[in-house]
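Here, each number is a calculation from the coordinates, and none is a lab measurement. Remember, predicted model here, so these are calculated numbers, not experimental data. All Cβ positions, glycine included, derive from the backbone under ideal geometry; neighbour counts span all protein chains shown.
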């Protein structure tokens, strides 16, 4: 998302990995429990430049890893989606899949995978609704 | 690009993100967004394409932002018809049996939200 120019990391900006891991795990624990990260915590974690291999170690086996990104060397905690986020996405994906050539497009969500099992609710709704709305295009 | 925001992301943030999706470094062609406000039971659906200048979004919607956003209990007879040429792009041949537009039925989305929330 960010279009900042990547800042070149200097060694002086790194503490030890253990220090980084301790800070990250403290913030992650609060993120996991409250689904929020304070502005102070964002500031704290943003002062560190993190390399990809370190990021992978930090987020490995973490349930909410999909909501944490590494961007320009900085760790970013995203907002946790609220229900019915997944159901609406699934419905849109099902609707769009039925209209485009799937041999030319590949779906991807979050870490690059897309669910193969579509929701029954969405399938049934699209199959059995027969209303003809007024078509508008803007 | 599909974006669904349930409470998260203000209208300004959504548009800001859309502008960034259509950056010079991306190949995003179409952005389709659904925004739901749980407390007020309101919703918004729109779509966007790359602006003529090459970056940023050109937004298409018949729905209003707060404070005039749509109640999820009120049916919306709107279907957005996004040209398939826009979806496939200039370098990909559109299959001969493809419909001329990608249709996003706002009423179907609204009814799904109602079924899940009310």
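Some notes on this structure:
- Distance between the C-alpha centres of the range B:64-118 and the range B:1-62: 13 Å, rounded to the whole angstrom.
- Taking a point 7 Å out from the Cα of residue A:104 in the direction of its Cβ, the residues of the range B:4-35 whose backbone N falls within less than 16 Å of it are B:28-30.
- For the segment A:77-84, counting C-beta atoms of other chains within 10 Å of every residue's C-beta and taking the mean gives 4.
- CD proxy at 222 nm, helix term only [per DSSP H run n ≥ 4: -39500 (n - 2.57); per residue of chain B; nearest 500]: -7000 deg cm²/dmol
- Computed FRET value (nearest 0.05) for residue A:51 with residue A:97, which takes r as the C-beta separation and R₀ as 41 Å: 0.65
- 0 to 90° range, to nearest 10: angle between helix B:106-117 axis and chain B longest Cα axis: 40
- Average beta-carbon neighbours from other chains, 10 Å sphere, peptide A:37-49: 0
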